[in-house]
Amino acid sequence: MKEWIEKIWRPNVNGCQMLLLDSLKVHKMASIRQYLENDCATQVQYIPPGVTGLSQPVDVGVMKSFKKKIQDLYVKHHIDHPFQPTLLRGV
């Protein structure tokens, strides 16, 4: 979790933020919460157990369009920046 915070969360947020997490044990570790709140200016809130299933239809709808957008960006990136052939790729 701390690796994700360092590589993804911290570099991409500015100012005070709120992070909504599920009730996974690692998310609820006091050290993780303290690190987010004290070092990353992030307020942590938890989704109550059992609620995730209720929100799944919304999640599916949101994720479908999100994944499509990511896929489109990935394809565009590789069209604009094609892989350069190397000897290793030829093997």
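The values are calculated or read from the model by the stated rules, or taken from the named source; none is laboratory data. All of these numbers come straight from a predicted model, not from anything done at the bench. Please note: Cβ atoms are built from the backbone with ideal geometry, for glycine as well, and neighbour counts cover all protein chains shown.
Before moving on, here are some points about what is shown:
- Conditions (1) at pLDDT 85 or above; (2) in a helix (DSSP H, G or I): number failed by Q43: (2)
- Considering residues of the stretch 46-90 that are part of a helix (DSSP H, G or I) and either touching a Leu at 6+ places or on another chain (Cβ under 8 Å) or basic (K, R) (or both) only, the residue farthest from L36 (Cα to Cα): R89
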